[in-house]
Amino acid sequence: MTMAIEAEGLTKRFGTTQALAGVDLHAREGTVLGVLGPNGAGKTTAVRVLATLVQPDSGSARIAGRDVLADPAAVRSLIGLTGQYASVDEDLTGTQNLLLIGQLLGLRTREARARAVELLEWFDLTEAAARTAKTYSGGMRRRLDLAASLVGRPSVIFLDEPTTGLDPAKREEMWDVVRRVVADGATVLLTTQYLEEADALADDITVIDRGRVIAHDTPDGLKHHVGGQRLRVRPVDPARAGDVARLLTELTGGAPAVSDRGDLTCRVADDALLPELTTRLQRAGVPVSELSLHLPSLDEVFLTLTGRPTDEIPLEAA
Amino acid sequence: MTTTLTERAMPLPAATTTPTTSSFWRQAVVLARRSLIKTWRTPEALIDVTLQPIIFLALFTYVFGGAIAGGSQEDYLQFLLPGLLGQTIAMASVSLGQNLNADIEKGVFDRFRSLPIARSAPLVGAVMADLVRYLILFTVMVGVGMLMGFDPASWTGVLGALVLAMGFALCFGWISVYIGMIVRTPGAVQGIMFLLIFPLAFGSNVFVSTETMPGWLQAFVTVNPISHLVSAVRGMMLGGPVGNNVVWTLAWMAGLLAVFLPLAVRAYRKRA
Ligand SMILES: Nc1ncnc2c1ncn2[C@@H]1O[C@H](COP(=O)(O)OP(=O)(O)O)[C@@H](O)[C@H]1O
Ligand SMILES: [Mg+2]
C-alpha cells in the first residue's frame with residue numbers, strides 16, 4: 001500500500017516547550033488518519049511540519065514520497081491545508097477568497113472563477129458568495145476555509161481541528177463534508193480533540209499527548225486494546241439491582257459499577273457470557289429493559305491512555 | 001445543509017486543468033490586487049495618505065508659515081509641500097508592516113505559505129499595492145497644494161519628482177515589511193516604526209532649511225535619506241538646483257533595498 005503521509009521521529013522545541021518529542025505518523029493513500037490529543041498535545045505543530053510551515057528539529061517526513069525538508073515546493077503542490085483557525089480573508093467575499101487561491105495556483109481567471117463557483121456550490125455557500133467573509137457564521141467560515149484548501153485539488157489534505165467550536169449540528173455537517181472529500185480519493189489527516197469525531201471519520205487513529213504518540217490503531221482495535229468489552233444490564237425494576245449485581249458477580253468474578261440511571265456495568269473477557277446471563281436472569285425472574293455488550297467508548301479509551309503518566313501505558317507507539 | 005449535501009451526493013468537482021507554474025510577478029500582482037480590494041473595502045485605511053497630509057499642509061502653512069519663511073505663507077507652502085511629501089511617504093509606510101503583521105496573526109499567510117508559490121510573492125505583492133496609496137498621496141498633496149496656491153515650476157519636474165518619490169517609497173517600505181515580520185503585534189510595528197521615522201522626518205529639511213540648525217544636527221540632516229529625497233523633489237518641483245541629491249537618494253534606495261529586502265524575506269521564512 002502506498003503511503004501518502006509518512007513521518008518518523010519528529011521533534012520540535014519552542015523555547016522550553018517540547019511541542020513534539022518524537023512523533024511517527026503514517027497514513028495510507030485514500031484513508032483518513034485521525035490525530036487525537038488534548039490541547040497542547042502537539043497536533044498543530046505536527047500538521048505545520050507536514051505542511052512545510054515549520055522545520056522540525058529532527059526527524060523526517062514525506063508526503064506521497066516527497067521529502068518535506070528536501071523538496072518543500074513539491075510537497076506544497078500536493079497538499080491542502082485547513083488550519084485550526086479559519087484563515088480566510090475576512091475582507092474578501094467568498095468568491096474572491098477562492099479566486100485568489102485559484103489565480104495564485106496559476107489557473108486562468110476563467111478557470112479560477114469556474115472552480116470557485118463549483119466549490120461554493122459544493123459547500124453550500126452560493127448564496128453567501130458575494131458577501132465578505134466577515135459576515136459569515138463560524139460554520140460557513142470553516143467551510144470556506146476547507147473549500148480554499150481544495151482549489152488546487154490536493155491529494156493530501158490536512159484538517160486541523162475542523163469542528164472545534166462548532167455546535168453539534170454544524171459538526172455533523174462538517175463530518176459529511178469530510179466524508180465527501182475522502183470519497184473523492186484524497187488522503188486526509190484530521191486532528192481532533194473529539195473522540196467521537198475520530199471514531200466517526202478515521203480509518204486509523206494516532207493518539208498523541210505531550211508531543212508523544214501513545215497509541216496507534218484502528219478505532220475498534222484501540223478500543224479492544226484498552227480493556228475488553230463492557231456488559232451492561234438495566235433491570236426494569238430498579239429495586240432488583242441487588243439481585244442483578246449478585247448474578248453478575250457470580251458470572252464475571254467482579255462487582256459491577258452502578259450508574260445513576262440504574263445501569264449495571266462490568267468488564268467481561270468472554271462474550272459467551274451473554275446467553276448464560278440471559279438464562280440466569282430468566283431463572284431468577286428479573287426482567288431487564290437493557291442488556292448489551294459493547295466496546296468502551298473512545299472517551300474511556302482516552303482517559304485510560306492519558307489519565308496516567310505516558311510511560312506506564314502498555315500500548316507503545318506503533 | 002446536511003440534507004442538501006447528502007441528497008445531492010455530488011462528487012467533488014473533477015479536474016478541468018492542472019495548475020500551470022505561474023510566474024513570480026503574476027503571483028505578486030494577484031496578491032497586490034488582494035491588498036487593493038481590502039483597501040477599497042476599508043477606505044479609512046487611506047486617511048494617512050489623504051486627510052492627514054492635507055491637515056498637516058494646512059496647519060503648517062497657516063500656523064508656522066507666517067513666522068518661518070520671512071513671513072510669507074505662499075513662499076512657505078512652496079518650500080513645505082515637497083518636504084511634507086517626503087515625510088508622509090515615510091510615515092505612510094507604517095501601515096504596510098502593520099497589515100502584513102495582521103495577516104500573519106490571522107493565519108492568512110499560513111495558507112499562502114502552504115501554496116506552491118514563490119515565498120516572497122506575498123511581501124512583494126503588498127509592497128506593490130502600497131504604491132497605489134503613494135500615488136493617491138502624491139495626487140492629493142499636489143492637488144490640494146495647488147488649490148492653496150502651490151505653484152510648481154514645470155510639469156516635467158513634477159513628473160520627475162513623482163517617479164523619484166514612488167521609487168523611494170518602494171524601497172523605504174521594506175523597513176516596515178521587515179519590522180512587520182519580526183514583532184508580535186500590529187501595534188508594536190507602529191511603535192517601532194515611529195521611533196525610527198520621527199528622527200528621520202523631523203531631523204530633516206522638511207520644515208526648515210538646514211542652515212538654521214546647530215552643527216551636530218546639520219551633520220545628521222545631511223546624511224538623512226529623507227533630506228536627500230526632499231531636496232531632490234524640491235529642486236525638481238520648484239525648478240531649483242537638484243545637485244547630487246538625486247544620486248544620494250538613489251544610493252539610499254539601493255542601500256535600503258539591499259539591506260531590508262533580504263532581511264524581510266528571511267524573517268518571513270523563519271516566522272513559524
Ligand atoms: N510558535 C510557538 N511558540 C511557542 N510555543 C509554541 C508554539 N507553537 C506551539 N507551542 C507550544 O507547543 C505545544 C504544542 O502546541 P500545539 O502543537 O499547538 O498543540 P495542539 O495543536 O495539540 O493543541 C503547546 O504547549 C504550545 O504552547
Ligand atoms: Mg492545535
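Rounded to the nearest 20 debye, what is the charge dipole size of chain A about its Cα centre when +1 sits on each Lys and Arg Cβ and -1 on each Asp and Glu Cβ? Before the final figure, lay out the partial values.
Working: 35 positive and 45 negative charges, 112 e Å.
In debye, rounded to 20, chain A gives about 540.
Buried accessible area for the B:A pair, summed, 1.4 Å probe, in Å² rounded to 100? Write down the numbers at each step before the final one.
Working: alone 14190 and 15400 Å², together 25490 Å².
Chain pair B/A: roughly 4100 Å² of buried accessible area.
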In terms of solvent-accessible area of protein heavy atoms at a 1.4 angstrom probe, what is the ranking of B:His228, A:His294, highest value first? A:His294, B:His228
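Enter the accessible area per residue of the protein assembly as shown (Å², integer; probe 1.4 Å; all protein chains in place). Don't skip to the end; give the middle numbers.
Details: 25490 Å² over 590 residues.
I get 43 Å² per residue for the protein assembly as shown.
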Going by a 1.4 Å probe on protein heavy atoms, which residues of the range A:28-63 end up with at least 50 Å² less accessible surface in the whole assembly than in their chain alone? A:Arg48, A:Leu53
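Using per-residue counts of other Cβ atoms within 10 Å, averaged over each peptide, order A:234-240, B:167-173, A:104-110 from highest down. The partial results should precede the final answer.
Working: A:234-240: 14.6, B:167-173: 23.6, A:104-110: 18.4.
Packing order, densest peptide first, comes out as B:167-173, A:104-110, A:234-240.
Once you charge only the Cβ atoms, +1 for Lys and Arg and -1 for Asp and Glu, what is the size of the charge dipole of the range A:229-294 about its Cα centre, to the nearest 20 debye? Walk me through the intermediate numbers first.
On the way: 9 positive and 9 negative charges, 13 e Å.
In debye, rounded to 20, the range A:229-294 gives about 60.
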Round to a whole angstrom and tell me the spacing of the C-alpha centers of the range B:250-270 and the range B:172-219. 17
Residue with peak Gaussian network fluctuation, chain A [Cα springs, cutoff 10 Å], from A:Pro219, A:Pro56, A:Pro168: A:Pro168
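Among rounded, prolate and oblate, which fits the range A:3-220 when a ≥ b ≥ c are the square roots of the eigenvalues of its C-alpha gyration tensor, a/c under 1.5 means rounded, and a/b larger than b/c means prolate?
Working: a/c = 1.78, a/b = 1.46, b/c = 1.22.
Prolate.
Which value in deg cm²/dmol, rounded to the nearest 500, describes the helix-derived mean residue ellipticity at 222 nm for chain B, given -39,500 (n - 2.57) per DSSP H run of n ≥ 4 and division by the residue count? Display every interim value, and only then the final one.
On the way: 13 runs with 198 residues, N = 272.
Theoretical 222 nm ellipticity from helices: -24000 deg cm²/dmol.
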Could I have the simple spin-label model distance between B:Glu74 and A:Gln193, label points 7 Å from Cα toward Cβ, reported in nm to one decimal? 7.1
Quick one: check the C-alpha center-to-center distance for the range B:73-133 versus the range A:57-85, whole angstrom. 31
Could you name every residue in the range A:119-139 that has 30 Å² or more less accessible surface in the full protein assembly than in its own chain alone (probe 1.4 Å, ligands and nucleic acids excluded)? A:Glu121, A:Trp122, A:Asp124
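Can you tell me the FRET efficiency between B:Val259 and B:Met148 if r is taken as the Cβ-Cβ distance and R0 is 35 Å, rounded to the nearest 0.05?
Working: r = 38 Å, r/R0 = 1.07.
E(calc), rounded to 0.05, equals 0.40.
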Given charges at Cβ of Lys, Arg, Asp, Glu: chain A dipole, positive-most of A:Ala269, A:Ala51, A:Ile63: A:Ala51
For a quick check, take a GNM of chain A with Cα springs below 10 Å and name the residue from A:Leu277, A:Leu20, A:Leu189 with the largest mean-square fluctuation. A:Leu277
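Of all accessible surface on the range A:1-71 at a 1.4 Å probe, what whole percent is carbon and sulfur?
Values: 1320 of 2800 Å².
C and S atoms contribute 47 percent here.
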For chain A, set up a GNM with springs between Cα atoms under 10 Å and report which of A:Asp160, A:Asp270, A:Asp199 has the largest fluctuation. A:Asp270
How much of the accessible area of the range A:229-294, probe 1.4 Å, is carbon plus sulfur, in whole percent? 51
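How large is the dipole of chain B about the Cα centre if only Lys and Arg carry +1 and Asp and Glu carry -1, each at its Cβ, rounded to the nearest 20 debye?
Working: 17 positive and 11 negative charges, 272 e Å.
For chain B, the charge dipole is close to 1300 debye.
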Mean residue ellipticity (222 nm) of chain A, computed from DSSP H runs ≥ 4 via -39,500 (n - 2.57), nearest 500: -10500 deg cm²/dmol
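Ignoring any ligand, DNA or RNA, what whole percent of the accessible area of chain B comes from carbon and sulfur when the probe is 1.4 angstrom? Provide the component values of the computation, followed by the final result.
Numbers: 8380 of 12120 Å².
Whole-percent figure for carbon plus sulfur exposure: 69.
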Lysines whose Cα lies under 20 Å from that of A:Lys170, excluding same-chain neighbours fewer than 8 positions away: A:Lys134
Which angle from 0 to 90°, rounded to the nearest 10, does the C-alpha axis of helix A:241-252 make with the longest principal axis of chain A? 80
Under the 7 Å Cα-to-Cβ spin-label approximation, B:Met213 and A:Thr135 lie apart by a distance in nanometres of 5.1
Rounded to the nearest 5, the percent of antiparallel DSSP beta bridges in the protein assembly as shown equals 65
Expected field for B:Tyr62, accessible surface area in Å² at 1.4 Å probe radius, rounded to 10, holds 120
Working from Cα positions, state the angle (0 to 90°, nearest 10) between the long axis of helix A:94-104 and the longest principal axis of chain A. 60
Can you tell me the 0 to 90 degree angle between the C-alpha axis of helix A:138-150 and the longest principal axis of chain A, rounded to 10? 60
Number of partner chain Cβ atoms within 10 Å, mean per residue of B:79-87: 0
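Partner chain Cβ atoms within 10 Å, averaged over the residues of B:111-124 - can you pull that number for me? Don't skip to the end; give the middle numbers.
Numbers: counts 17, 4, 8, 16, 12, 13, 7, 2, 2, 0, 1, 1, 0, 0.
For peptide B:111-124, the averaged partner shielding equals 6.
The values are calculated or read from the model by the stated rules, or taken from the named source; none is laboratory data. None of the values given here were measured: they were computed from a predicted structure. All Cβ positions, glycine included, derive from the backbone under ideal geometry; neighbour counts span all protein chains shown. These accessible areas exclude ligands, DNA and RNA; they are computed on the full protein's heavy atoms, side chains included. Shrake-Rupley method; radii C 1.70, N 1.55, O 1.52, S 1.80 Å.
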